[in-house]
């Protein structure tokens, strides 16, 4: 390692800063470095300081490395660069190599098992495989590899599922939905757009995170155990412009209930010239009975969502909100009727316009559906 200049003087301000770090900094490696620099400034050689006077004997090159960091970056450099010497300039030249390789999966032979059987090659990276893949990381500990990746702005991040619909008419269906939303937003006195869907919930509560005393263990979803875990279902519709919620509950949501709900919507929105019902492709929705009911009121029109595209139906977020607020860890498993009434009361609070609902389901956000509504409001 190139040796740094060891003849220098310290100003009173820098010396006081070094003394403070030597005496009070909670990090031992900073204390040690802050102790070494004044010794060298007072006349000791880096070699002498490395052999005697620090927490333990050090390789002289290590102390020369500290001195190089101090000359280049001052006291802050002694804090920033942890054990292992200063490799910042060298590491930055490796950034593109690392980033490019990590975009592709590990290759066969990256572990002892995959050398014997390529079919056992891991599907994603870990610190061990990263170290084995790059020769210049071979001498690093796993924590050292982690610090290198952090220095090069490579992080361990949570993954997400890429949303994809197999519907060949996906693009045209999305454009149709946007057109409907824009029409409803531009003419709210005559046109309304509704998102329709179904959800189910159970007598027994679902588990969920909750605030609880550490001594009490984990939050439990208590259900008593003496009652059957019955299911109840809801069909609902969300007004895309106002946030108004309409719903119908029952132990079954089948052809009769869907037809009854269509009639409920037709009556509720009778004063509008056109009511668009945006729904998925559940076979009950497309059954002849339901279609006959939709065709009776001349102002009802069904708009189909793309296949397996639940992210385009904002009412799905309302179902999630309901579960988080009413159903997770509820204490009403022995009072089934009261639980159903509580769910009904929750939906009843949105029987009129609700900006809170529109905000939660992202119809006031930055998504493509919200943008379509804003385009209608502007016209």
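Readers should treat all values here as calculations from the given coordinates under stated rules, not as data from a laboratory. Source: prediction; values computed, not measured. So basically every Cβ, Gly included, is an ideal-geometry build from the backbone, and we count neighbours across all protein chains shown.
Some points to look at:
- Per-residue Cβ neighbour rank within 10 angstrom, fewest leading, 123, 241: 123, 241
- Within a Gaussian network of the chain (alpha carbon springs, distance under 10 Å), most fluctuating of 175, 291, 99: 99
- Shape category assigned to region 296-368 from the gyration tensor of Cα positions, a/c cut at 1.5: prolate
- Burial ordering of 153, 295, fewest other beta-carbon atoms within 10 Å first: 153, 295
- Cα gyration tensor, region 170-378 - rounded (a/c under 1.5), prolate or oblate: prolate
- Helical runs assigned H by DSSP (4 residues or longer) give the chain a calculated mean residue ellipticity at 222 nm of -12500 deg cm²/dmol, each run adding -39500 (n - 2.57) before division by the residue total.
- Reference-scaled alpha-carbon Rg (2.2 N^0.38 Å with N residues) for the chain: 1.56
- Separation between Cα centres of region 129-155 and region 246-306, rounded to whole Å: 58 Å
- Distance (nanometres) between label positions extended 7 Å along Cα→Cβ at residue 256 and residue 206: 2.8 nm
- In percent, rounded to a whole number, the relative contact order of the chain is 14, using alpha-carbon pairs under 8 Å and six or more apart.
- Spatial separation of Cα centroids for region 26-80 and region 309-344, in angstrom: 62 Å
- Helix axis angle, 12-24 relative to the chain longest principal axis, alpha carbon, degrees: 70 degrees
- Region 91-106-region 175-193 distance, computed between alpha-carbon centres (Å): 48 Å
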